[in-house]
Amino acid sequence: MRRVALAGFLGPYLLTGAFAQTWCGKNYMSTQSIVPPGGNFPLPTPSKDPLLAFRCAPAIRPYLAEDVSSPAGILIDAPVVYYEIANTEPIQLTDDNMLDVTVSLNGRMLTTGFVPLNATAYELPFSLEGITPQMAAYNLSCEATYAPTSQTFSAMTALSVLPDPTNSSVTKMDLRTGALLAKPATGLGGTYEPVFPIGFYTSFEPYLTSNLSVINGLKEQGFTIIHPVAPFDNLTALNMVIDRMQEVGLYLMYDMRYTYMNSTAVTEQVNMIKNRPNVLLWYTGDEPDGTSDPLNATSIAYDLIYSLDGYHPVSLVLNCQDYYWSSYTAGTDIVMQDAYMISNNVTWSNEWNTSCTPDYGDCGCDNCISIPAGDTAAVPPNTTYYGAEDVPANSGIGTYFDISDRVASFMNRLEVMGWERTKAVWTVPQAFGGAQYWVSTPTGGEWVVQSILGINQGALGIVPWNDPTTPDIKTSASALALSLPKITPYLFDHTSVRTAYVVEGISVATWKTATQTLVLAANTNYINGNVNWKDIGLEGTGAMTVYTSGMAEPVTGGFTLGPVGSVAFVVDV
C-alpha cells in the first residue's frame, strides 16, 4: 500500500513526488496494459539424491570485548534436503549420521566436535580469548568431514567481536532463536534480556509531540517499543520524545524511510541517534519493493549504517508477496511483512476499478487470495459483497491465512538463501481502515488474530500500522502485550520445538520444551470452533490459561474459541 507522509519535512532530504506508476512492479491503472512484473523468487530445483546444506553461524551477534570471559558458541545446521538451496552438496548417506566439524579463524582452530546430520543450531563452544575486538567482522571457516565416504563440506560465516561501546547501547541478536537481546531502555544498567518488540508505528506530530504523557500511557499498557513515523522536522521535539521514552523504559525503532537512500542524511541521523541508551534498531526501507526502489538500495544503506554504528540491527518492511524479495532482504537483519486483508476486496481494486492478478493491479494486499468458495464461516459480519448464503470463488473477501502464508514464505525463503540463522521475520498487523482500499477498521479481536497468525509461523515482533488507532484495538493490543511475559519464554527458548497446525479454520502453534508446551491459537472464523488436544498431539494435562481474547473456554478433551477468539495455554508434557 502507499503510505502517505505525515505533515512536515526532514530538512532538504525528504524526497517528494507523484506516486509510483507501478506497485510491486505491476501496472495498476485502467489505462495501462498488463506487463508481467518479473522479480519472482526462484523455486529451488528438486534433487532425487540427498544433499547436505551445511551451515554455521555465531550463537550471538555481536559479541563484545566484555564477553571474552563468557561462553561463546558456533551454531551448526546440517539438514539433509532434496532440493537445491544455498550451499548444498551431494552426500552419500550410510548408517553413520555424524559429521566431524572444525571451526577456524585465520587458520587457527577455534573449536571442533561431532555434529549429527539433520542437526539444527547444534552449538559448539569456543573461547573469545585471543580474538582482538574490532569493528569489522571476522570471517570464520567451518569444515565438516563425513567419515564413511571421506566427503568434506565447508561454509563461511561472519563473527562480530566489537569493542565495548563507550557511550552507546547495544542490541544483540540471539541467532539460536532470532530474539533481540538488550539492556533496559532506561540506560540505568542491567543485564541483557530477550525483548519481544510490540508497539505501533506511531504518528510523530502532533500525537506524540503535543502530549508526552501518551508515552507514559503506552508503557503502562505493556508495549515495549515505539516506532515514531518519519519525517522529524522538529529535532527539539524529537529529542523530547526520545528522552521521555528512555525515562519510562521504551525502546526506539528509528525511522529513515524517506532518507535511507541519501547517504548524507543517513550519516547525520545515525550519528545523532546511535548513542541513545534506548535505541533498539534502525528502520530503512518502507515497502521499497512496492515503489521499486533500486535493488541495491537497502544493502547500500545497511552497509553504511554498520560502518557508522554496528551495535544495532537494521529492519525494513516489504509489501509485495513476491517481487525481488532476496535483493531487498539482503539489506536487513529483520524483514517485516504487512499483508492487510481486512475489509479489503483483494481481487478487485476499490481504488483503481481494475482486477488484481499476479501480473496486474493494486488491491492493497499484493497477491492475496479470497476465502475458499462456500466458506461462509470465514465471512465477517455485515459483509456487503454478496447477499447469497454461498460464497463464490474469488469473492474478494480476504483470508487471514494470507498473513500466515506471507510469514511462512518469508521464513522458507530465508532457509533457501541460507539466511535463516542470521535474519528474523516480524509482522505488521492492520490497525487502521475506513479509507483507500479498506472500508472499515479491524476490531480488537481481528487485530489479535492477525498478530497470532504471524507469531504462529515464527514472527518475533509485532509492529502494527498505525497509532492513533481505535480504543478497541488499543485495548486488545495492550492485553496481548501485558500477557507476553508468560508467552515469550517459550518463543525464546532455543530448546523448544515449534509446530504449526490448522484445525477447522483455527490456527494453532505449539512450542514444546522438556516439561511444558505453550499452545497459541486464533480462530479465523466468525463462528465458534473447537480444537481437540489430540488434534495437536497433546493430552492437555494441567492446561493453564495464560491469555484470552474474546470467548475461549476449556472443554472436555480440548477447547472452544468464539468468533475470532484467541487463547494461550501452558500444558504439561
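The values are calculated or read from the model by the stated rules, or taken from the named source; none is laboratory data. Predicted, not measured: the structure shown is a model, and the values here were computed from it. Note that each Cβ is placed from the backbone with ideal geometry, even for glycine, and that neighbours are counted across all protein chains shown. Heads up: the accessible areas ignore ligands, DNA and RNA and are worked out on the full protein's heavy atoms, side chains in. Shrake-Rupley method; radii C 1.70, N 1.55, O 1.52, S 1.80 Å.
Which ones in segment 68-94 are among the acidic types (D, E) and either in contact with a Pro (Cβ under 7 Å, 6 or more places away or on another chain) or without any contact (Cβ under 8 Å) to a residue 40 or more places away in the chain (or both)?
If the condition is that a residue be among the acidic types (D, E) and either in contact with a Pro (Cβ under 7 Å, 6 or more places away or on another chain) or without any contact (Cβ under 8 Å) to a residue 40 or more places away in the chain (or both), then E84 is the only one that fits.
Which residues, taken from segment 440-467, are assigned to a loop (DSSP other than H, G, I, E, B) and open to solvent by 10 Å² or more (accessible area, probe 1.4 Å)?
S440, T441, T443, Q457, G458, L460
Could you give every pair whose Cβ atoms fall below 9 Å, whose first residue belongs to segment 35-56 and is in contact (Cβ under 8 Å) with a residue 12 or more places away in the chain, and whose second residue is of a type in the set (K, R) and surrounded by 12 or more Cβ atoms within 10 Å (Cβ to Cβ), counting only separations of at least 6 or pairs across chains?
V35/K26; P36/K26; P37/K26; F41/R413; R55/R421; C56/R421
Any residue at all in segment 341-359 that is modelled with pLDDT of 95 or more, buried (at least 19 other Cβ atoms within 10 Å of the Cβ), assigned to a loop (DSSP other than H, G, I, E, B) and of a type in the set (D, E)?
Among the residues of segment 341-359, not one is modelled with pLDDT of 95 or more, buried (at least 19 other Cβ atoms within 10 Å of the Cβ), assigned to a loop (DSSP other than H, G, I, E, B) and of a type in the set (D, E), which makes the answer no.
Tell me which residues, restricted to segment 561-573, are buried (at least 17 other Cβ atoms within 10 Å of the Cβ) and free of Cβ contacts under 8 Å to residues at least 60 places away in the same chain.
Hits for segment 561-573 are L561, G562, V567, F569, V571.
Determine whether segment 487-502 contains at least one residue that is surrounded by fewer than 21 Cβ atoms within 10 Å (Cβ to Cβ), closer than 17 Å to N456 by Cα and over 21 Å from the mean Cα position of the chain (by Cα).
no
Of all the residues that make up segment 387-419, how many are crowded, with 18+ Cβ neighbours inside 10 Å, outside any helix (DSSP H, G or I) and of a type in the set (A, V, I, L, M)?
2
Only one of (1) more than 17 Å from P468 (Cβ to Cβ); (2) open to solvent by 60 Å² or more (accessible area, probe 1.4 Å) fails for E220. Which number is that?
Failing condition for E220: (1).
Could you please find all residues in segment 423-439 being under 30 Å from L175 (Cα atoms) and open to solvent by 10 Å² or more (accessible area, probe 1.4 Å)?
Matches in segment 423-439: K423 only.
Right, G550: touching a residue at least 40 places away in the same chain (Cβ under 8 Å) and open to solvent by less than 50 Å² (accessible area, probe 1.4 Å) or not?
No: the conditions fail for G550.
Residues S327, S299, S307, S315: which one is closer than 19 Å to T22 by Cβ, polar (S, T, N, Q) and not in a loop (DSSP other than H, G, I, E, B)?
Within the list S327, S299, S307, S315, the selection yields S327.
Give the residues of segment 160-207 that are touching a helix residue (DSSP H, G or I) at 6+ places or on another chain (Cβ under 9 Å), open to solvent by 10 Å² or more (accessible area, probe 1.4 Å) and of a type in the set (S, T, Y), sorted by residue number.
Across segment 160-207, the qualifying residues are T177, T186, Y207.
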